[in-house]
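Everything on this sheet refers to the single structure shown next.
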Amino acid sequence: MPYILGTRMRRVKTINSAILTRGGRYMEVYPESAAPLKVKEVIHEGGRYIVCLNQRQARKDACDREAILESLKQQLKKGLGSVCSPY
């Protein structure tokens with residue numbers, strides 16, 4: 001039975017290396033909106049993948065990662081005890 005599965009594909013190593021790195025043209029969906037969604041279709045080993053790219057979400061994710069890294073750097077400056085749990 002066919003089904004649709006939504007996932008953040010970067011978290012699955014085999015999908016990340018085989019699908020996300022595959023070339024292909026994105027088509028813009030909702031180009032008039034503030035953050036157009038881009039999609040492309042990839043066929044791999046009998047599976048059909050619809051890859052979506054949301055630039056607004058990508059920028060937010062990058063800012064979130066940067067904030068986490070900055071927080072960890074500050075904690076490291078304070079000493080290892082502030083980073084590691086005593087358990």
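Taken together, the values in this text are just the output of simple stated rules run on the coordinates, not laboratory data. This is a predicted model, so every value here is computed, not measured. Note that we place each Cβ from the backbone using ideal geometry, even for glycine, and neighbour counts take in every protein chain shown.
Before moving on, here are some points about what is shown:
- Other residues within the sphere of radius under 14 Å centred on the Cβ of Met27, judged by their own Cβ, net out at +1 (K and R +1, D and E -1).
- Rg to Rh, two decimals, where region 9-80 supplies the alpha carbon set and Rh follows Kirkwood: 1.15
- Each label was represented as a point 7 Å from its Cα along the Cα-to-Cβ direction; for Ile4 and Leu53 these points are 2.2 nm apart.
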